1. Cβ-Cβ below 7 Å, separation at least six or inter-chain, first residue in region 191-207 and over 18 Å from residue 299 (Cα atoms), second of a type in the set (D, E, K, R) and surrounded by 15 or more Cβ atoms within 10 Å (Cβ to Cβ): which pairs?
2. Pick from 104, 85: which is within 20 Å of residue 35 (Cβ to Cβ) and at pLDDT 95 or above?
3. Scan region 11-41 residue by residue and report those that are of a type in the set (A, V, I, L, M, F, W, C) and assigned to a helix (DSSP H, G or I).
4. For region 267-281, what are the residues that are among the hydrophobic types (A, V, I, L, M, F, W, C) and in contact with a helix residue (DSSP H, G or I) (Cβ under 7 Å, 6 or more places away or on another chain)?
5. Identify all residues within region 76-96 that are assigned to a helix (DSSP H, G or I) and either of a type in the set (A, V, I, L, M) or buried (at least 16 other Cβ atoms within 10 Å of the Cβ) (or both); write none if there are none.
6. In this structure, is residue 82 among the charged types (D, E, K, R) and free of Cβ contacts under 8 Å to residues at least 24 places away in the same chain?
7. Does residue 249 satisfy the condition of being under 30 Å from residue 156 (Cα atoms) and either outside the structural domain of residue 59 (by TED's automatic domain parsing) or basic (Lys, Arg) (or both)?
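The values are calculated or read from the model by the stated rules, or taken from the named source; none is laboratory data. No experiment lies behind these values; they were computed from the predicted model shown. Neighbour counts are summed over all protein chains in view; Cβ atoms, including those assigned to glycine, are modelled from backbone coordinates with ideal geometry.
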Amino acid sequence: MKVLYLTTDYTEYLQDQVLIGLKRLPDVTCVDVPRKDVVYAAHEDAAEDVHGGGFTVWGTLEGGDDVDREAPFERLEDGEFDLLVFGNVRRETDLFERVDFDAVPCPVAFLDGEDERYEPTPRSAVAFVREALSRRRRGMEVMPAVGSALYEPALDEGYYFKREKDDAVAARANVHPIPFSIPAEKIRDERPEKTQTFQTHVQCEPAYELPEVRENCTTRPVFDTEAAYYDDIAASRYGITMKKGGWECMRHYEIAANWTVPCFYELDDKPAECAPHGLRDLENCLSFETPRELRRKIGYVETNDLYGLLQRNAVEWVREHTCVDAARSVSDTVRRDADE
């Protein structure tokens, strides 16, 4: 499969994770246009200035200079590509409007890694109006809805992969759930020694009712390097995580990748089809509503010698959520429909 992958200049987890995975799939040739410099190892220093300190995702791919990126849309219309991917359709609305999808001879996949609702900005107002008029000319009823969790015009043009698939989105046809993922090399091969109860950087305010958290943790980022950040998590028996802008965030995966049991605040409130997928209380994580519940569950795990089981299950969970797995979920969805 040959993929044309349309990137943005905005660093974003889902878009960049799927790109990394497609680049690593042995049966896929992926042409990223424009070249997404920040994901390549040659630009590792620049990655430090992006979201999350550039930890985990960025600066991980080798090469990238030997890709032919000339005249991608002409080659697309000539049938060279088997799949067209919009890396973040919510930030590519101008490009979306310029594409004549009737002339695209291959399937199209739209990634939506946003955790906020679609709100046209003043800068995109002209594109928004063009969009609406174009859909009216084509006799299409669905308009780009202000305040929608989806970029509505894309739903009729291809496969839509949504990070925050809440209950309102779950009922929509052609919307596929997609979680975050982690480069496989960021998962530790061996179980590290545990010397502390919780990681140092804890953002969950209710957890600070626990003395262990209040005395040893901070809400402020304190690590300048990925190695120091990972080593601190690896030294911790438990890693506290939570919903922030959305339910999905890299912290869940970074905790499990370092053989640490995730403790997820209010996990039971997460919509079933919304990422992260596969985290189950007292199986590969601990879910808690109050600090008292977290203390009680940790006590139960330690008293009944269940920590090793939860730890192994957490690592197995994250090993099933690598960037290659995320990319394969996109390519397999398209291939499955093509074979039917």
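1. Within 7 Å, the pairs are 200/232.
2. Values: 104 fails: within 20 Å of residue 35 (Cβ to Cβ).
None of the others qualify; the one that does is 85.
3. Here is the first cut: in region 11-41, the residues of a type in the set (A, V, I, L, M, F, W, C) are 14, 18-20, 22, 25, 28, 30-31, 33, 38-39, 41.
Those that are of a type in the set (A, V, I, L, M, F, W, C) and assigned to a helix (DSSP H, G or I): 14, 18, 19, 20, 22, 38, 39, 41.
4. First pass over region 267-281, keeping only residues among the hydrophobic types (A, V, I, L, M, F, W, C): 267, 272, 274-275, 279.
279, the sole residue that qualifies.
5. Looking only at region 76-96, we keep the residues that are assigned to a helix (DSSP H, G or I), and these are 76-77, 89-91, 93-96.
Matches in region 76-96: 76, 89, 90, 91, 93, 95, 96.
6. On the way: among the charged types (D, E, K, R): yes; free of Cβ contacts under 8 Å to residues at least 24 places away in the same chain: no.
No: the conditions fail for residue 82.
7. On the way: under 30 Å from residue 156 (Cα atoms): yes; either outside the structural domain of residue 59 (by TED's automatic domain parsing) or basic (Lys, Arg) (or both): yes.
Yes, satisfied.
Conditions tested, residue by residue: (1) in contact (Cβ under 8 Å) with a residue 60 or more places away in the chain; (2) of a type in the set (Asp, Glu).
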{"site": "14", "(1), (2)": "yes, no"}
{"site": "17", "(1), (2)": "yes, no"}
{"site": "28", "(1), (2)": "yes, no"}
{"site": "38", "(1), (2)": "no, no"}
{"site": "53", "(1), (2)": "yes, no"}
{"site": "66", "(1), (2)": "no, yes"}
{"site": "71", "(1), (2)": "no, no"}
{"site": "100", "(1), (2)": "no, yes"}
